[in-house]
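The values are calculated or read from the model by the stated rules, or taken from the named source; none is laboratory data. These numbers were taken from a predicted model, which means no experiment stands behind them. As a convention, Cβ positions derive from the backbone with ideal geometry for all residues, glycine included, and neighbour counts pool all protein chains shown. In case anyone asks, the SASA skips ligands and DNA or RNA and just uses the protein heavy atoms, side chains included. Shrake-Rupley method; radii C 1.70, N 1.55, O 1.52, S 1.80 Å.
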Amino acid sequence: MMKGATYSSFHTPITTSTTLPIPSIPPDGALIAIRATGVCRSDWHGWKGHDGDVRRFFQTRSPPFVPGHEASGVIVRLGSDLAATSSSSSSSSSSLRVGDRVAIPFILSCGTCRECLPPRNRPTICERQQQPGFTRWGTFAEYCAVPRAERNLKKIPEGVSFVEAAALGCRFGTAFRAVLQQGRLLDGREGKGSGETCFRRNDDGAAISKTVAVFGCGGLGLSCVAIASAFGAVEIIAVDISPKALEKAKELGATRTVRSPLLPTIPQWNDVNIAENAVYRQILQFTEGVGADLAIDAGGFEQTCLDAVWACRRGGIVVQVGLPSQSIAMPMARIAGREITVVGSHGFSSVEDESGVSALDAILELVACGKLEPAKLVEREVTLEEGVQALMDMDKGSPLGMVMITDFGPGAGASANADASSGAIDDADEIKSRL
């Protein structure tokens, strides 16, 4: 048995239990003792019934459901296929071992569908993707069973903590793809495209003459600010309704901030009345009347989505990375007339994608060398019970930065809140004794 948090229907209280069954391990998977897991608004969307995958879970399987998808931990058992090869010396042997510290991406791509295979190489839109906390039980528990482990799990480098690695599992990794890959922040710099070595730590750090505007500064938006700053965007404009969120954005590298009014209803903006939009006016003022080169909606609200489009310059890029819970009518005449590129961004890759980069490998390297510091976004480390309450409290608004669950209670997962920032750990036998 294990401790975890569950709900059995949408928007009913999430409760904790110490008698949940430990998940069975797929043959190609691994069982992970969770050491850190983030509280993300995407989990809130799932709990509220906004997410199609969670709805399908309840339609096809019996409750309860365990949320959580942003995590790191320790391998305590390998599936039968991997266990059979982990001790093999052949070229097809598994690189994973019991005791390895690993980061868990929330998109577990299959590697065999038409989107994963060449020439597409698009694992972030894998046709058969699985996702902890959405298509299967998630990480708000002592243990999580992860399928397709060899393809998707990544060993955590020395010097990178469990908390840092968990922060990469959704928001920071998702921001990496939104800013650098889908937003193409680095394109045009010395002829480099989004798949070149400019993602790596040997980048010379020169400034990039692009303006980035980030709409919505929760954990995802703040991650976008931090990544744009780390990669040298010359101007970063953070937009939010919360003064505290904007102050945090400044700490992470925003050069300008705009406090957005909270509008009870969104006006039908057009080319004439858009001048009445306070956010639009300020961004034009900051950009010499041009607009942002890259506008990122990290909030997923109607207001943030529309503001991003209206504030984007001619020929600029709008990245929709926040998840809207409802359909939004877009100003398509403006998008067409100004040749604005609107692109979706979903998660990040744990294997080489269409840009030739494994985002998770690149980010782990950047954290290990100190170029990216996801720990700066972590506001609180909490118990499982406190994390559950933080998730339900998102009904009232987003927390500042990230809330990270690192304490599952006495004896959980062999000291679940221990950091252990180097090498494979040696408490796997203690953990396995409980299975």
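Below is a table of values for the structure above.
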| read-out | value |
| --- | --- |
| Selection within segment 123-154 - among the basic types (Lys, Arg) and open to solvent by 70 Å² or more (accessible area, probe 1.4 Å) | 128 |
| Members of segment 155-181 found to be surrounded by fewer than 24 Cβ atoms within 10 Å (Cβ to Cβ) and of a type in the set (D, E, K, R), listed by number | 155, 158 |
| Test: residue in segment 61-76 that is within 30 Å of residue 390 (Cβ to Cβ), of a type in the set (Phe, Trp, Tyr) and open to solvent by 10 Å² or more (accessible area, probe 1.4 Å) | no |
| Single condition residue 265 does not satisfy, out of (1) in contact with a strand residue (DSSP E or B) (Cβ under 9 Å, 6 or more places away or on another chain); (2) polar (S, T, N, Q); (3) open to solvent by 50 Å² or more (accessible area, probe 1.4 Å) | (1) |
| Among the candidates 229, 242, residue that is under 23 Å from residue 42 (Cβ atoms) and surrounded by 13 or more Cβ atoms within 10 Å (Cβ to Cβ) | 242 |
| Residues of segment 342-360 that turn out to be under 15 Å from residue 173 (Cα atoms), of a type in the set (D, E, K, R) and out of contact with any helix residue (DSSP H, G or I) (no Cβ under 6 Å at 6 or more places or on another chain), as a count | 1 |
| Residue identified as open to solvent by 60 Å² or more (accessible area, probe 1.4 Å) and farther than 20 Å from residue 39 by Cβ among 327, 398, 350, 355 | 327 |
| Neighbours by Cβ (under 8 Å, 6+ apart or cross-chain): first from segment 118-130, part of a loop (DSSP other than H, G, I, E, B) and at pLDDT 95 or above; second open to solvent by 70 Å² or more (accessible area, probe 1.4 Å) and β-branched (Val, Ile, Thr) | 128/112 |
| Qualifying positions in segment 106-117 - assigned to a loop (DSSP other than H, G, I, E, B), modelled with pLDDT of 95 or more and buried (at least 24 other Cβ atoms within 10 Å of the Cβ) | 107, 109 |
| Subset of segment 104-126 [closer than 16 Å to residue 177 by Cα and more than 19 Å from the chain's Cα centre (by Cα)] | 121 |
| Of residues in segment 134-187 being of a type in the set (Phe, Trp, Tyr) and closer than 24 Å to residue 355 by Cβ, the one modelled with the highest pLDDT | 176 |
| Residue 247 being surrounded by fewer than 24 Cβ atoms within 10 Å (Cβ to Cβ), acidic (Asp, Glu) and under 27 Å from residue 347 (Cβ atoms) | no |
| Among residues of segment 368-402, those that are farther than 18 Å from residue 160 by Cα and among the aliphatic types (A, V, I, L, M), counted | 8 |
| Residue under evaluation residue 287, criteria (1) within 23 Å of residue 107 (Cβ to Cβ); (2) open to solvent by less than 50 Å² (accessible area, probe 1.4 Å); (3) of a type outside the set (Asp, Glu), criterion not met | (1) |
| Top-ranked residue of segment 245-279 - restricted to ones that are in contact with an Asp or Glu (Cβ under 8 Å, 6 or more places away or on another chain) and more than 30 Å from residue 379 (Cα to Cα), ranked as modelled with the highest pLDDT | 277 |
| In segment 1-52, residue modelled with the highest pLDDT [restricted to those that are assigned to a helix (DSSP H, G or I) and open to solvent by 40 Å² or more (accessible area, probe 1.4 Å)] | 48 |
| Helices (runs of 4 or more DSSP H) contained in segment 347-435 and holding at least 1 residues at pLDDT 85 or above | 359-368, 384-392 |
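Conditions (1) touching a Cys at 6+ places or on another chain (Cβ under 7 Å); (2) under 30 Å from residue 410 (Cα atoms), marked per residue:
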{"residue": "72", "(1), (2)": "no, yes"}
{"residue": "95", "(1), (2)": "no, no"}
{"residue": "111", "(1), (2)": "no, no"}
{"residue": "127", "(1), (2)": "yes, no"}
{"residue": "143", "(1), (2)": "no, yes"}
